[in-house]
Each structure stands twice: as C-alpha cells, then as structure tokens.
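Asker: Structure incoming, see below.
The values are calculated or read from the model by the stated rules, or taken from the named source; none is laboratory data. Just so it is clear, the model here is predicted, and its values are computed rather than measured. Counting neighbours? That spans all protein chains shown, and the Cβs are built from the backbone with ideal geometry, glycine included.
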Amino acid sequence: MHSPIDPNPSRREFLKASSTLAAGGALASGLGFPSVALGAATGDKLKIGFVGCGGRGTGAARQALSADSNVELYAMADVLPEKIEKSLEALKTQAEPQKFNIPPERRFVGLDAYQKVINSGVDVVILTTPPGFRPMQFKAAVEAGKHIFLEKPMATDAPGLRSVMASVQKAKEKKLAVVAGFCLRYDAPRRAFFRQIHDGAIGEIKALYHSYLTGPVKPMPPASERPAGMSDIEWQVRNWYNFTWTCGDGLVEQAVHSVDKMAWAMKDVMPARCTAVGGRMAPNNEGNIYDHIEVNYEWENGVRGFLAQRQVTGCFGENKDLIMGTKGNAHIGRRGKAATVEITGEKNWSYSGPTPDMYQVEHDEFFASIRRGKPINNGDRMCTSTMMAIMGRMAAYSGLEITWDMALNSQERLVPEHLDWNGKHEVPPIAMPGKKKFV
C-alpha cells in the first residue's frame, strides 16, 4: 500500500518523525550517566527506579530484573505506601536477593515521589503510574538523562501528548532508550504476521476491523464508600480507571492496543479523520468514562478502519484483528479454544514458530540495546498510536468528525495543572455527543 499524500503541513511534520529510527539519532549527551548512555559493559551495574507499584508495574519491574544479569532495584515510588511494600514483597519472591538494594529511605511516597526516584542515582526508570501522570514523569526522566520504560498510553489529552512528543525528541538527542508498553509489538507471532502484510501477502489493504470487547477493568465504587475527609484527588487516583483525566477512557487506556495494531498494519501512517459513536450504559456514580465506543477511521487513500471497544459485564467478549486486502485476508483471534494468527487468500500462511513471553521480550531488548550502546526508541509510534486513540475518544464524546490536525492541536486539558494530594478537583460530567464542545 502506498502512503497517502498529505496536503496538511502540521500532520506531515508529525508523521515525518515516525519514519526516523532512534538508533540513527543525533548527538549523544554526557548528562546523567555517560558510561551507560553510550553503552554499558556487562560489568556496569544498572540501577532501576520503579514508579507506580500496581500490578502491571510490578510485572514490568519483575521483567526488568530478569532481563539483565547485572541490575538492581534501587528506588521505588507510589502515592500509596502499602502498594510499595506489597509490590516489593512480591518481587522478592521472583528475583535473586542480590538484585535488591532498596532500603526504606529509597521508597518514596507522594505525587512528587517520581522526582525523588529520578534524583536518587538510578540509570533506568520504569513509569507505570496512571497515564494522566505520564507526560510530566516522562519529561522529568528524559531531562535527567535516564533510560525509560513507560507503559501505554502516553497521555490522556492532546496537551500532554504534545509534551511527550517534545520529550521524545530530547530523548533522541541524548541517545536514551525509550521502550513503550505496547507489548504486542514485541510478540513473535504478531511480528511475523505484520511482516507478511507489509511484504504484500494480502496485497493492498482495503479495510481493517479490530475489536476489544471485555468487562470493566475496575468498576467505580459507590460514593458511600468514600472515606470521610478523603480529598477529590486521592479518591480519583485510587479509582483512576473511572476518570478521563487519569485513564483517558477505556479506548485510550486499554483498547489502545487494538489501535496500535491498526496503526502497525498501516505502517504507522495515521488516519486523516474519524467519526465515532459511544456512551455509558452501566451507572458509574462519580466516574465520567464511556463503557463502549465504536470508531470509524479514514485514511487519505480511502482505507477504512473500524474499531469496536466495550467494557460491559455479561456481554460477548472478543479481542481480534481482521485486515482485508486485495489478495487475501489476515486474521488474529480464536477458533474455538485455539489462538489463530493466519493469512488466507492467494497464499495461505499461519504462524508456527516460538512464542516467548512478549512482556519479557520487550525488557530483554530494552536492556540489550542499552548494553550495546544502540538504544531502542519507540517514541514516535508510541505517540502516534496514543494520539489516534485520543482522536477516537474526541469523536465519540463530541459527536463530530475529528481530523488528525484537530485532535493533535486540541487545547482541551484534562489533567489538572496543579496537583495537590489533598486538593479539590471537580470532574466534568459524562460527555453528551452533540452538546460537548470541541476545544
């Protein structure tokens, strides 16, 4: 498939960055830890700082500790002290004792704890807090010259995403490794699958359909369960999956994996525009996210992409990808209990190779790139896929057709500019299409 000609300069400039590999980045920086930034010998111990100690974060920390023979967990941070201790207890059952150098004074608590981890002398930072915090934490880590693993998505609003884009460019200049938690890009069957597509196995892509139909991740508790005296910010952070400023909505936080696969199929060329429908079926008390969204993306060359996302209990569940081309179809999904990764058409193909744990692979390749002095940088595509998901949410919430430039240049700021753990923050009501204004 030929990349579309893009007549819009601002979109063209954004996409231009997607074609540049970080390994060919510009100037190395001597900031922070030059011996590590320029390639660390196996004998150089890499100190890991871990920010956001929930379940996914603990998994990422475990994989980081397993990815290299000479690393140590050196500092941890969370807004809740009990999460740090629970995570550390779990990690100590899964990694060698010599990989822990984490005294109580390097277990930091609070909204500013991420900065204390960054300043503690670590070489590598793992950022797995709710995504609303990602832009400021990523910016701080890049400015300090740290290698970074950060979970998806990269932001919950366009101002935050633009901040991440600027930080990505700085990371390239400093030759920092940046690996994003779009784990499917590190899955062996999917790598082979998309390689087949890009090599022409199904001809030119004509349409794509992706689904992410599942149950709620973390239902919002009733307001009566909110402890007396608990601030708005603490209540919202403790229930972060139910607020757009902290999670971005289910499309942005969870189904962004499906968005990323759609982008992958299209060689990370972004759609020109989209429309969407969605809403909230199940009551959500104080939360303000939708529980279902369906997005219709359109590329300049006429290709259409359809994404169905739902998080409702008791409904049909499905997570699949169907890519239709002029010479055949490509499919990832299930047939009965068996997983399928296959192509049918002029030339049939199915994956039959090894299937290593993709979560471990992304950390193995991350640390190996640091050791080689040729750091991986997923920065451009992690931004485009995140922006593509935010674009879909904007279309669903507003009821408007949203162009790429509208989404990228939106001035709507969801994340409070001044965060105070004890502060007030009134969240907007659930968006009403046709009434919510695009900003």
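Asker: Of everything in region 361-392, what is under 22 Å from I289 (Cβ atoms) and in contact with a strand residue (DSSP E or B) (Cβ under 7 Å, 6 or more places away or on another chain)? Give them in sequence order.
Answerer: M382, M391, G392
Asker: Does at least one position in region 285-295 carry a residue that is buried (at least 22 other Cβ atoms within 10 Å of the Cβ) and under 17 Å from the mean Cα position of the chain (by Cα)?
Answerer: No, there is no match, as no residue in region 285-295 is buried (at least 22 other Cβ atoms within 10 Å of the Cβ) and under 17 Å from the mean Cα position of the chain (by Cα).
Asker: If you don't mind, another one. Quick check on my filter: what residues within region 237-250 are touching a helix residue (DSSP H, G or I) at 6+ places or on another chain (Cβ under 6 Å) and either without any contact (Cβ under 8 Å) to a residue 60 or more places away in the chain or in a helix (DSSP H, G or I) (or both)?
Answerer: If the condition is that a residue be touching a helix residue (DSSP H, G or I) at 6+ places or on another chain (Cβ under 6 Å) and either without any contact (Cβ under 8 Å) to a residue 60 or more places away in the chain or in a helix (DSSP H, G or I) (or both), then W240, Y241, W245, T246, C247 are the ones that fit.
Asker: Of (1) outside any loop (DSSP other than H, G, I, E, B); (2) free of Cβ contacts under 8 Å to residues at least 40 places away in the same chain; (3) under 27 Å from G160 (Cβ atoms), R191 satisfies all except one. Which?
Answerer: Of (1) outside any loop (DSSP other than H, G, I, E, B); (2) free of Cβ contacts under 8 Å to residues at least 40 places away in the same chain; (3) under 27 Å from G160 (Cβ atoms), only one is false for R191: (3).
Asker: For L80, which of the numbered conditions (1) in contact with a helix residue (DSSP H, G or I) (Cβ under 9 Å, 6 or more places away or on another chain); (2) under 26 Å from N377 (Cα atoms) fails to hold?
Answerer: With respect to (1) in contact with a helix residue (DSSP H, G or I) (Cβ under 9 Å, 6 or more places away or on another chain); (2) under 26 Å from N377 (Cα atoms), L80 is out only on (2).
Asker: Scan region 72-107 for residues that are among the hydrophobic types (A, V, I, L, M, F, W, C) and within 25 Å of F133 (Cα to Cα) and jot them down. Step through it out loud before you land on a result.
Answerer: So in region 72-107, the residues among the hydrophobic types (A, V, I, L, M, F, W, C) come out as 73, 75-77, 79-80, 84, 88, 90-91, 95, 100, 102.
The answer is L73, A75, M76, A77, V79, L80, I84, L88, A90, L91, I102.
Asker: Select from region 87-106 the residues that are loosely packed, with under 10 Cβ neighbours inside 10 Å and either within 18 Å of V51 (Cβ to Cβ) or not assigned by TED's automatic domain parsing to the domain that holds A67 (or both) and list them in ascending order.
Answerer: Within region 87-106, P103, P104, E105 meet the criteria.
Asker: Still on this structure, please answer the following. Within region 421-429, is even one residue in contact (Cβ under 8 Å) with a residue 60 or more places away in the chain, assigned to a strand (DSSP E or B) and over 30 Å from M165 (Cβ atoms)?
Answerer: We begin by selecting, within region 421-429, every residue in contact (Cβ under 8 Å) with a residue 60 or more places away in the chain; these are 421-429.
So of that shortlist, the ones also assigned to a strand (DSSP E or B) come out as none.
Scanning region 421-429 turns up no residue that is in contact (Cβ under 8 Å) with a residue 60 or more places away in the chain, assigned to a strand (DSSP E or B) and over 30 Å from M165 (Cβ atoms).
Asker: Of a type in the set (A, V, I, L, M), at pLDDT 95 or above and assigned to a loop (DSSP other than H, G, I, E, B): which single residue out of I202, I197, I233 fits that description?
Answerer: Working: I197 fails: assigned to a loop (DSSP other than H, G, I, E, B); I233 fails: assigned to a loop (DSSP other than H, G, I, E, B).
Within the list I202, I197, I233, the selection yields I202.
Asker: Right, next: Looking only at region 352-381, filter to residues that are over 21 Å from the mean Cα position of the chain (by Cα) and of a type in the set (S, T, N, Q); which one of those is nearest to Y186 (Cα to Cα)?
Answerer: Selected residue: T355.
Asker: Just give me the residues in region 206-230 being assigned to a strand (DSSP E or B) and touching a Ser or Thr at 6+ places or on another chain (Cβ under 6 Å), in sequence order. Break it down stepwise before answering.
Answerer: First, pick out the residues of region 206-230 that are assigned to a strand (DSSP E or B): 206-214.
Scanning region 206-230 gives H210, Y212.
Asker: Please work out if A368 is assigned by TED's automatic domain parsing to the domain that holds K261 and part of a helix (DSSP H, G or I).
Answerer: Values: assigned by TED's automatic domain parsing to the domain that holds K261: no; part of a helix (DSSP H, G or I): yes.
The answer is no for A368.
Asker: From the residues in region 193-211 that are of a type in the set (A, V, I, L, M, F, W, C) and crowded, with 16+ Cβ neighbours inside 10 Å, which one is nearest to the chain's Cα centre (by Cα)? Reasoning before the result, please.
Answerer: Kept after step one, since they are of a type in the set (A, V, I, L, M, F, W, C), are these residues of region 193-211: 193-194, 197, 201-202, 205, 207-208.
Subset that is crowded, with 16+ Cβ neighbours inside 10 Å: 193-194, 197, 201-202, 205, 208.
Numbers: F193: 21, F194: 19, I197: 23, A201: 29, I202: 28, I205: 25, L208: 21 Å.
So the residue we want is F194.
Asker: For region 340-351, check the following and say yes or no: at least one residue is in contact with a helix residue (DSSP H, G or I) (Cβ under 7 Å, 6 or more places away or on another chain) and under 17 Å from Y186 (Cα atoms). Full working, then the answer.
Answerer: Initial filter on region 340-351 (in contact with a helix residue (DSSP H, G or I) (Cβ under 7 Å, 6 or more places away or on another chain)): 341, 343, 349, 351.
Filter once more, so that each one left must be under 17 Å from Y186 (Cα atoms): 341, 351.
Taking every residue of region 340-351 in turn, at least one turns out to be in contact with a helix residue (DSSP H, G or I) (Cβ under 7 Å, 6 or more places away or on another chain) and under 17 Å from Y186 (Cα atoms).
Asker: Taking region 187-217, which residues are more than 18 Å from V269 (Cβ to Cβ) and aliphatic (A, V, I, L, M)?
Answerer: A188, A192, A201, L213, V217
Asker: Given (1) outside the structural domain of W264 (by TED's automatic domain parsing); (2) closer than 14 Å to D260 by Cβ, identify the lone condition not met by Y212.
Answerer: (1)
Asker: Which numbered condition in (1) touching a residue at least 60 places away in the same chain (Cβ under 8 Å); (2) at negative phi; (3) over 24 Å from the mean Cα position of the chain (by Cα) is the only one that R304 fails?
Answerer: The failed condition is (3).
Asker: Counting only residues that are buried (at least 18 other Cβ atoms within 10 Å of the Cβ), without any contact (Cβ under 8 Å) to a residue 60 or more places away in the chain, more than 19 Å from I148 (Cβ to Cβ) and of a type outside the set (D, E, K, R), how many does region 44-86 have?
Answerer: 1
Asker: Continuing with this model, one more query. Of the residues K261, K267, K218, which is surrounded by fewer than 17 Cβ atoms within 10 Å (Cβ to Cβ), closer than 29 Å to A201 by Cα and either of a type outside the set (V, I, T) or at pLDDT 95 or above (or both)?
Answerer: Details: K261 fails: surrounded by fewer than 17 Cβ atoms within 10 Å (Cβ to Cβ); K218 fails: closer than 29 Å to A201 by Cα.
Among K261, K267, K218, only K267 is surrounded by fewer than 17 Cβ atoms within 10 Å (Cβ to Cβ), closer than 29 Å to A201 by Cα and either of a type outside the set (V, I, T) or at pLDDT 95 or above (or both).
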